[in-house]
Amino acid sequence: MSYFGKFIGLMFRTSGTRNLLFEFDEDSRISIHSFFVFFSFLAVWLDSKNNVIDKRIVHPWRFSVAPRKPFRKLIEIPVNEQNKIILRMLGKS
């Protein structure tokens, strides 16, 4: 995904949008926000071996959300009917 795509993420989309995967070339500690995201989503941060290092429900209009440790990948999963099985598996339904 391009830098612009990483910046936009779920902003201005509907809750029915697809899940997004962001991959970074090196470990990162950047935070995310949910400005202009009008629905809750599950953020799942992964390390370089795809181990889950943190996960959190992010509500609309949050200024800053960051994982506890550096990460290599971030998955944004909209809270919607399509993703209810994923959310239940991750314990965030």
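Quick note: the coordinates plus some simple rules give every number you see, no bench work behind them. Nothing here was measured: the structure is a model prediction, and the numbers come from that model.
In order along segment 55-70, phi translates into HN-Hα couplings of 8, 7, 6, 10, 8, x, 6, 8, 6, 7, 9, 9, x, 6, 10, x Hz, rounded to whole numbers, per the Karplus curve 6.51 cos²θ - 1.76 cosθ + 1.60 with θ = phi - 60° and x for Gly and Pro. For segment 29-34, the Karplus equation 6.51 cos²θ - 1.76 cosθ + 1.60, evaluated at θ = phi - 60°, returns couplings of 10, 5, 9, 10, 9, 10 Hz by residue, with Gly and Pro reported as x.
For PHE36, the residues 5 or more places off, or on other chains, whose built amide H falls under 5 Å of its own are TRP61.
When every Cα-Cα distance of segment 3-89 is counted in 10 angstrom steps from zero, the calculated P(r) takes the values 18, 54, 28, 1 percent.
Annotation: extensible slack from SER28 through LYS69 equals 13.9 nm (criterion: 0.36 nm per residue apart, minus Cα-Cα distance). In the chain, helices alone account for a calculated mean residue ellipticity at 222 nm of -3000 deg cm²/dmol, with every DSSP H run of four or more residues adding -39,500 (n - 2.57). Cross-link partners of LYS55 among aspartates and glutamates, defined as those whose alpha carbon lies under 20 angstrom from its own and excluding same-chain residues fewer than eight positions apart: GLU23, GLU26, ASP27, ASP47, GLU76, GLU81.
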